[in-house]
1. I need a count of the residues in region 199-231 that are touching a helix residue (DSSP H, G or I) at 6+ places or on another chain (Cβ under 9 Å) and over 23 Å from Leu169 (Cα atoms).
2. Take Ile57 and tell me if it is among the hydrophobic types (A, V, I, L, M, F, W, C), exposed (fewer than 12 other Cβ atoms within 10 Å of the Cβ) and assigned to a strand (DSSP E or B).
3. I need a count of the residues in region 87-96 that are open to solvent by less than 70 Å² (accessible area, probe 1.4 Å) and within 33 Å of the chain's Cα centre (by Cα).
4. Restricting to region 79-137, what's the tally of residues that are among the aliphatic types (A, V, I, L, M) and either touching a His at 6+ places or on another chain (Cβ under 6 Å) or modelled with pLDDT of 75 or more (or both)?
5. Criterion first (outside any strand (DSSP E or B) and more than 30 Å from Trp147 (Cα to Cα)) does Lys3 satisfy it?
6. Please state which of the following conditions Leu191 fails to meet, knowing it meets all the rest: (1) more than 30 Å from Ser42 (Cβ to Cβ); (2) of a type in the set (A, V, I, L, M); (3) surrounded by 14 or more Cβ atoms within 10 Å (Cβ to Cβ).
7. Pairs only if they're at least six apart or on different chains, beta carbon under 6 angstrom, first in region 166-179 and within 25 Å of Gly67 (Cα to Cα) and of a type in the set (D, E, K, R), second open to solvent by less than 20 Å² (accessible area, probe 1.4 Å) and assigned to a strand (DSSP E or B); list them, first residue then second.
8. Condition first: in contact with a Ser or Thr (Cβ under 7 Å, 6 or more places away or on another chain) and aliphatic (A, V, I, L, M). Now tell me which residues in region 147-168 satisfy that.
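The values are calculated or read from the model by the stated rules, or taken from the named source; none is laboratory data. This is a predicted model, so every value here is computed, not measured. Here the Cβ is made from the backbone with ideal geometry for all residues, glycine too, and neighbour counts use every protein chain on show. SASA here: full protein model, heavy atoms, side chains in, ligands and nucleic acids out. Shrake-Rupley method; radii C 1.70, N 1.55, O 1.52, S 1.80 Å.
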Amino acid sequence: DNKWQLKYLQGGNEKRLNELFSTSSSTSASLYKKKHPLSPISHRAYFRPGNLSLGSIALNNGNYKLGSLAMGYGAQFSVQQNPYLVHWDDFSLRSQYFAHSIALSGSAPYRIYFTEKKNRMFEGFAVTDTSATVSSFVADTAANNTWSLSLTHDLYAPKDIFRAESSNLRVGLSCKITDNWSLIYSNYYNLKTRDMISQGINLSRDLHCWKLDVSINRRNEYWDYRIVLFNTLLPDALKFQTRDSKKY
């Protein structure tokens with residue numbers, strides 16, 4: 001394993017990128033095999049330059065402000081190598097995979113509907129449930145009033161990444177519509193065949209001490225939906241849900 005780090009000064013403060021670029025290689029050996037005991041060598045490389053701050057944008061004569069705008073980028077590459085087929089003119093690089101993504105995120109103001117403190121009557125009886133089944137997106141985005149839009153492109157090739165066998169595009173959007181409504185949408189598109197492989201939408205409503213979570217997903221020729229009403233403090237003990245799926 002190798003990791004390259006970067007330290008720099010910004011506004012008189014020291015900044016650090018702990019994993020700007022990293023690589024790793026691994027293999028294993030069978031103690032029972034006398035011939036070709038080594039398994040294929042797996043190589044992986046990652047590039048994570050961090051987020052670039054873009055400041056803020058004021059709209060509607062300064063009445064509406066999009067703040068903490070940031071753009072991030074990341075890339076990874078993995079490949080396998082047969083150690084017994086390596087030659088000077090052929091490094092035997094197989095199962096090549098490359099993926100890179102770019103994301104734009106920020107914060108936005110939302111109107112607060114509930115001003116009363118939430119009901120904490122159950123706090124003295126038990127520890128909060130740990131195996132919550134509700135999408136973690138709701139808690140992550142609702143806490144910071146954030147939104148994000150991401151694009152991810154990946155390629156796979158058995159031998160040559162420049163002659164890819166598959167090419168796919170993933171789009172993800174997460175945002176808060178209001179202070180209490182949260183939305184996440186994602187899709188997976190095959191650029192080779194121009195087919196939509198899957199897509200899903202998740203809508204969440206904050207009901208003070210409760211939350212309503214509705215999700216609809218499609219993958220290939222199957223649809224499924226899920227509706228969950230749960231207590232935010234005890235999501236496993238106080239939960240009502242229904243779900244169904246079908247082929248169309």
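1. Result for region 199-231: 4.
2. On the way: among the hydrophobic types (A, V, I, L, M, F, W, C): yes; exposed (fewer than 12 other Cβ atoms within 10 Å of the Cβ): yes; assigned to a strand (DSSP E or B): yes.
Yes; evaluated as a whole, the condition is true for this residue.
3. Pass one, region 87-96, residues open to solvent by less than 70 Å² (accessible area, probe 1.4 Å): 90, 92-93, 95-96.
Keeping just the survivors that are within 33 Å of the chain's Cα centre (by Cα) gives 92-93, 95-96.
Count: 4.
4. Step one: filter region 79-137 for residues among the aliphatic types (A, V, I, L, M), giving 79, 85-86, 93, 99, 102-104, 108, 112, 121, 126-127, 132, 134.
Checking which are either touching a His at 6+ places or on another chain (Cβ under 6 Å) or modelled with pLDDT of 75 or more (or both) leaves us with 79, 85-86, 93, 99, 102-104, 108.
Here the count works out to 9.
5. The answer is no for Lys3.
6. The number of the failed condition is (1).
7. Here the result reads Lys176/Ser182, each pair linking region 166-179 to a residue that is open to solvent by less than 20 Å² (accessible area, probe 1.4 Å) and assigned to a strand (DSSP E or B).
8. Restricting attention to region 147-168, the residues satisfying the condition of being in contact with a Ser or Thr (Cβ under 7 Å, 6 or more places away or on another chain) are 147-148, 150-152, 155-156, 158.
The answer is Leu151, Leu155.
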